Amino acid sequence: MPTTQTVDDIDRLESVCRELDDLTLLYLSKLNQYTQSRTTTTHTLEKGFLDLAHAKYTMGAKTISHLSYDERMKAQVELSVDRGSSSTYTLTRPSAEVSAEDSEAVTSDDDQGLRQRKGTTKGQQKDSEEDDAKEHKADKPDSAKKEKKAAKTNHNPLHWFGLLVSPSLRTSQGHFQIATTHLVDLANLVHDLDTLDQQYEGLKNEKRQLLEQQSIDKTTAALASTTLVE
């Protein structure tokens with residue numbers, strides 16, 4: 001007669017087998033999705049390179065080259081990694097911030113103004129403060145415009161090659177932007193496949209251990225019955 005532990009092992013073995021079947025189906029579904037997404041990404045990149053080649057032909061190879069790059073270029077998107085999220089890799093746009101050079105220039109101007117006020121009398125200092133208050137009110141619109149202009153740190157890279165660029169160059173840019181999002185999706189799918197593979201291996205090892213324990217229990221029971229017969 002099977003013991004309680006043997007019944008629990010049999011139930012757990014059946015549960016592990018069902019989980020392995022579910023993981024197999026999920027893995028194959030993710031793999032099919034990865035294959036389709038990779039094919040789409042490849043075609044999108046091919047279109048981008050073809051349009052880029054056509055733009056070089058129409059605008060000239062010297063115009064569309066590294067010589068036209070802006071040395072102040074900054075990334076328009078950033079890749080964020082969050083291991084605890086369902087989507088490990090996500091694309092985000094960097095927040096617009098005032099450059100460090102601008103902030104240092106403003107600080108140096110303020111320090112210079114403070115140093116100049118130290119040598120003035122009380123009456124001159126009062127007049128100077130009133131003049132500064134008036135200038136500050138008058139400069140508010142200009143400072144707002146400067147901050148708004150400084151906030152626009154990410155420009156369209158197409159402007160590096162001229163104002164009227166080839167339509168093929170614009171189309172090529174669109175294809176590469178779409179391909180970038182597809183590549184991030186592919187990276188997430190690869191991460192999901194790796195996770196499923198690790199889970200599958202863990203369940204397979206557990207199944208092997210349960211089968212070995214079941215075999216040992218059967219052998220022990222057979223030896224016990226043989227001893228009773230003798």
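The values are calculated or read from the model by the stated rules, or taken from the named source; none is laboratory data. In this text, all values refer to a predicted model and were calculated from it rather than measured experimentally. In this analysis, Cβ positions are derived from the backbone assuming ideal geometry, glycine residues included, and neighbour counts consider all displayed protein chains.
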(message) For a quick check of your reading of the model, give me the residue pairs whose first member lies in region 159-188 and is within 30 Å of residue 31 (Cα to Cα), whose second is β-branched (Val, Ile, Thr) and buried (at least 18 other Cβ atoms within 10 Å of the Cβ), with beta-carbon atoms closer than 6 Å and at least 6 apart or on different chains.
(response) 175/44; 178/44; 179/41; 179/44; 182/41
(request) Would you tally the residues in region 78-99 being surrounded by 11 or more Cβ atoms within 10 Å (Cβ to Cβ) and either within 22 Å of residue 178 (Cβ to Cβ) or modelled with pLDDT of 80 or more (or both)? (result) 9
(request) Could you pull out the residue among 105, 75 that is aliphatic (A, V, I, L, M), modelled with pLDDT under 85 and not in a helix (DSSP H, G or I)? (result) 75
(message) Criterion first (without any contact (Cβ under 8 Å) to a residue 60 or more places away in the chain, part of a helix (DSSP H, G or I) and acidic (Asp, Glu)) does residue 22 satisfy it?
(response) yes
(message) Within region 7-20, does at least one residue satisfy the condition of being modelled with pLDDT under 90, among the charged types (D, E, K, R), buried (at least 16 other Cβ atoms within 10 Å of the Cβ) and out of contact with any Ser or Thr (no Cβ under 9 Å at 6 or more places or on another chain)?
(response) yes
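So, in region 44-70, of the ones that are out of contact with any helix residue (DSSP H, G or I) (no Cβ under 9 Å at 6 or more places or on another chain) and not in a loop (DSSP other than H, G, I, E, B), which residue ends up nearest to residue 194 (Cα to Cα)?
66
Let's see how each residue does on (1) among the basic types (Lys, Arg); (2) modelled with pLDDT of 65 or more; (3) part of a helix (DSSP H, G or I):
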residue	(1), (2), (3)
134	yes, no, yes
142	no, no, yes
168	no, yes, yes
174	no, yes, yes
188	no, yes, yes
193	no, yes, yes
203	no, yes, yes
219	no, yes, yes
227	no, no, yes
(request) Could you list all residues from region 27-60 that are surrounded by 15 or more Cβ atoms within 10 Å (Cβ to Cβ) and under 18 Å from residue 200 (Cα atoms)? (result) 27, 30
